[in-house]
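The values are calculated or read from the model by the stated rules, or taken from the named source; none is laboratory data. None of the values given here were measured: they were computed from a predicted structure. Cβ: placed from backbone, ideal geometry, glycine included. Neighbour counts: every protein chain shown. Quick note on the areas: whole protein, heavy atoms, side chains included, nothing else; ligands and nucleic acids left out. Shrake-Rupley method; radii C 1.70, N 1.55, O 1.52, S 1.80 Å.
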Amino acid sequence: MAKSHVVVGIAAWFVAAPLLHRAPLDPIDLGLAIAGSLLPDIDHPQSWVGRRTRPVSTVIARSLGHRGITHSAIAVGGLVAALLWAGQRRDAVTALAIGYLSHLAADMLTPRGLRLAWPLRRSWGFPLCRTGSPAEALIVFGLVCGLAWWVVSDHILRIGS
């Protein structure tokens, strides 16, 4: 559900950016957060990112399955460490990681949960909705309303200052 993950990724970035003393609407950071929000599904060839990364997504899906390593704390830590070691800017890596973590948090809201400590079999989750259900649509709608309120109220506050 790429659209849902994008909305959750934007919402997570809008919450995290001010805490990190960053501009929530910075296009590069926002784009990285969105990219991060889609990246864990590289393990699913039918996902938005999976269709764009074939044959990599096919190999990952066949060898490790969906919601395996790419949906774990190991993946987040490994991705962050690899990017920092490769010399990527810390700010950019942080924005990507926030988006990635938002994806994991959203997937934890489904009954299947996530194997955060992959390869261990234990799943963690807070089953509030099924993927594609009306409850998911309601959660995403609430986030969209919250984002709209944030953008409008921030804009109004800047005009009044």
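Using only C-alpha atoms and all pairs of different ones, pull out the Kirkwood radius for the chain in Å with one decimal.
16.4 Å
Please report, ordered by residue number, every helix of the chain (full DSSP H runs) that is 30 Å or longer along its axis going by C-alpha atoms and whose mean Kyte-Doolittle hydropathy reaches 1.0.
Long hydrophobic helices here: 134-160.
Going by Cα centres, region 92-135 and region 1-56 are how many Å apart?
13 Å
So if I place +1 on the C-beta of Lys and Arg and -1 on the C-beta of Asp and Glu, and nothing else carries charge, what would the dipole magnitude of the chain be about its Cα centre? I want it in debye, nearest 20.
520 debye
Could you grab the Rg to Rh ratio for region 1-73? Cα atoms only, Kirkwood for Rh.
1.06
Give the residue from LEU138, VAL7, GLY125 lying farthest towards the positive end of the charge dipole for the chain; charges sit on Cβ (+1 for Lys and Arg, -1 for Asp and Glu) and the dipole is referred to the Cα centre.
Final value for the positive-end residue is GLY125.
With a 1.4 Å probe and every protein chain left in place, work out the accessible area per residue of the chain in Å², rounded to a whole number.
On a per-residue basis, 58 Å².
Just to be sure I understand the model, the point goes 7 Å from the Cα along the line to the Cβ. What's the resulting ARG89 to ALA2 distance in nm?
Taking the two extended label points, one gets 2.6 nm.
Kindly sort CYS145, CYS129 by accessible area of their heavy atoms, largest first, with the probe set to 1.4 Å.
Largest accessible area first, the list is CYS145, CYS129.
Go from 0 up to the bin containing the longest alpha carbon distance in region 32-77, width 10 Å each, and give me the % of pairs per bin.
So the P(r) values, bin by bin, are 33, 56, 11.
Report relative contact order for the chain in percent, whole number only (criteria: Cα-Cα under 8 Å, sequence separation at least 6).
Computed over the chain, the figure is 25 percent.
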